[in-house]
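Colleague: Shown below is the structure under consideration.
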There are 2 protein chains.
Amino acid sequence: MQQLDLVFSALADPTRRAILARLAEGEATVNELVGPSDLSQPTISKHLKVLERAGLVSRGREAQFRPVRLNAAPLEGAAEWLGDYRRFWEESLDRLDVYVKELKRKEGRHVSKRRRR
Amino acid sequence: MQQLDLVFSALADPTRRAILARLAEGEATVNELVGPSDLSQPTISKHLKVLERAGLVSRGREAQFRPVRLNAAPLEGAAEWLGDYRRFWEESLDRLDVYVKELKRKEGRHVSKRRRR
DNA sequence: GTCCTATATAGCCAGATTAGAATATAGCCA
DNA sequence: TGGCTATATTCTAATCTGGCTATATAGGAC
């Protein structure tokens, strides 16, 4: 789906993920986002446009400021998509779990007096 | 994080998501993936390389076949990242819920005799 | 009005991505 | 061996990305 394309590719950049993380603490102006980023203001504006196209942020208008706020709704679709695969990684964790238990059992036999920490 | 970059950008392409969906049903050869895709075999091979770099598939070796199988483990990191934002979309759903309830209350007052369906 | 600040847009560049066609490789089968 | 099949690699072209600098716009302050 088109929307998933936009969301996943917006999330594929660490700068944009950092922006979202910052916005999770509350809305911010563009300059507040530029500050800690060591990127230029136009570059941040471009990243914001990408996030906006993906529906992940929305912009207000207050005098000459254009406050940016998080809009997490599109993340739900992404999370749902991932959810379909949850059983696969849990499965492999189960197998790992079994493996670890088996390992402990063997260790228990061979190194039975290991001290607890 | 680098790994998240690779995973999210691998997921940003619908062809690659389709490949993963197909692999969720079991391993497949390259040609089995080319079949329904209307893309050329080299193109699919390239997509597979992207998925492989993200750690999302692994390749076997059986005679001249190189079976591809799903490796969902890296998806867990992506799901965790998204999980940090769950409260935000749930929040907005809550607000929506409140809004809907409020709406119903008002409708109840003004259109109190609306028939149930 | 002029000046200053916040932000957007334009233009540019280097490098990555995506596609296809053509070709190479690797392994089975006769 | 030669031929067939499965897959990878190379080459080329088009498009996208992410960064910059320079410039434009918009709105408050004086």
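The values are calculated or read from the model by the stated rules, or taken from the named source; none is laboratory data. What you see is a predicted model, and the numbers here were worked out from it, not measured in a lab. We place every Cβ from the backbone using ideal geometry, glycine too, and count neighbours over all the protein chains shown. Remember, those area values only see protein heavy atoms, side chains included, never the ligands or the DNA or RNA. Shrake-Rupley method; radii C 1.70, N 1.55, O 1.52, S 1.80 Å.
Colleague: What residues does region A:1-27 have that are buried by at least 30 Å² of accessible area in the full protein assembly compared to the chain on its own, 1.4 angstrom probe?
Modeller: Those residues are A:ASP5, A:PHE8, A:LEU11, A:ALA12, A:ARG17, A:ALA24.
Colleague: Right, here's the next one. Give me, ordered by chain and number, the residues 5 or more places off B:VAL57 or on other chains with an amide H under 5 Å from its own placed amide H.
Modeller: Long-range HN contacts for B:VAL57: B:GLU52, B:ASN71.
Colleague: List the distances, in nm to one decimal, from the label point of B:GLU90 to the label points of the same position in every other copy, shortest first, placing each label point 7 Å from Cα along the Cα-to-Cβ direction.
Modeller: From this label point to the equivalent ones elsewhere in the assembly: 1.6 nm.
Colleague: Could I ask something else about it? So what is the accessible area of region B:2-71 per residue, in Å², with the probe set to 1.4 Å?
Modeller: Details: 3720 Å² over 70 residues.
Counting only protein heavy atoms, the per-residue value for region B:2-71 is 53 Å².
Colleague: Would you mind listing the distances between the B:ARG59 label point and the same position in each other copy? Use 7 Å along Cα-to-C-beta, nm, one decimal, shortest first.
Modeller: 4.4
Colleague: Something else now. Placing a label point 7 Å from Cα toward Cβ, how far apart in nm is B:GLY26 from its equivalents in the other copies, listed shortest first to one decimal?
Modeller: From this label point to the equivalent ones elsewhere in the assembly: 5.6 nm.
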